[in-house]
1. Calculate one ³J(HN,Hα) per residue across region 296-307 by plugging θ = phi - 60° into the Karplus curve 6.51 cos²θ - 1.76 cosθ + 1.60, and present them in order as whole Hz with x for glycine and proline.
2. May I ask you to compute the full-extension gain from Ala157 to Lys240, defined as 0.36 nm times their residue separation minus their alpha-carbon distance, rounded to one decimal in nm?
3. Size of the dipole of region 94-182 about the Cα centre, Lys and Arg at +1 and Asp and Glu at -1 on the beta carbon, nothing else charged, in debye to 20?
4. Within the P(r) computed for region 126-268, what percentage of the Cα pairs occupies the region above 27 Å?
5. Over all distinct Cα pairs, what is the inverse of the mean 1/r for region 94-182, reported as the Kirkwood hydrodynamic radius in Å?
6. Could you give the length gained on full extension between Gln295 and Lys256, defined as 0.36 nm per residue of separation minus the Cα-Cα distance, in nm?
7. Quick one: if the Förster radius is 45 Å, what FRET efficiency do Leu134 and Ala112 give, using the C-beta to C-beta distance and rounding to 0.05?
Amino acid sequence: MITRYVIPFLGLVGLLWAITFVFTIGRAETPQPNQLSLPPSAPFAATISGTGIIEANTRNIEIGSHLSGIVVAVPVIEGQVVAKGDVLFALDSRAAEAEAQSSRKELAAAQAHLETARVQLADDQDQLRRAESLKVGVAVSEDALMRRRFAVKRAAANVTQAEAELESARAQLESAEVTLSRLSVTAPISGRVLKVRVQPGEFVQAGQQVAPILMGNDTPLYVRVTIDENDVWRFSGEAKAEAALRSNKEIKVPLKFVRVEPYVQPKQNLSGRSTELVDTRVLEVVYEIAEHKEQLFIGQQMDVFIEVKQPVDGPVVK
């Protein structure tokens, strides 16, 4: 009799506990919304909005290699400020140094050969002058006089040949020294090293698609803004502009107009929205970030708003 009533009672208690657990203790709390992900609002009554990417004021320069070879030294790191002419990375130069040393020896030999030829020419010319001062047929024969004249011509030709060999040796040495200098890649401008993609021991291919070093001048920073072709007619370089960091709408900076790149090109940076047209063309406008902040880095995306003096008829786009 006890078993008949106890077992159903225990089952009912377990069912009630399970229902209570699911709707109270076992229910996960709803996470708080991330306020940083909210989009920024336009600071102007009427605006043109665009996507901007922070870049160096010299553009982001892809530093390649003149020659192919094994990297032996990379004296720079990311974030380092370098001056124009500083070495960024160097390739194995043993073969080039041997070639340059051989060219130097060939140049020295060519110089010695030229000096010998000139001395021989001077001697033959002196012998010819002495022979011509004598009476032909008595003190010197006609045959001997002609031989001395031919000897002078031969010596002059030897000097010309030696001079040509010397110039060729100099050209070979210059070529070897140029090759040797091209094995050390230097900074074309003063700026900051943004990315180092090569380490000692790695092979570098001349003209490879991904450059070993990325650098640029980041003082001041620039932002490249893409404006939809439908809004180009409303754009003015004299209008006010402001940018907000995409990851934090509170980080805002005023922008100073620099230039317009007068070529409307296909849109490169797609947002992935279903309403976005892939055949959209955009105009690129470059602005200077007037107030540098530590949270801004080259390559970051920003939402840019440009004031419109004469808005179009209809609802204002914000």
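Any read-out appearing in this document is the output of simple, stated calculations on the displayed coordinates, not a laboratory observation. Because the structure is a prediction, the values reported are computed rather than measured. Cβ atoms come from the backbone with ideal geometry, glycine included; neighbour counts cover every protein chain shown.
1. 9, 9, 4, x, 6, 9, 9, 8, 10, 10, 10, 5
2. Full-extension gain reported as 22.2 nm.
3. Computed about the Cα centre, the dipole is about 280 debye.
4. Above the 27 Å cut-off, region 126-268 has 65 percent of its Cα pairs.
5. 15.2 Å
6. 12.2 nm
7. 0.85
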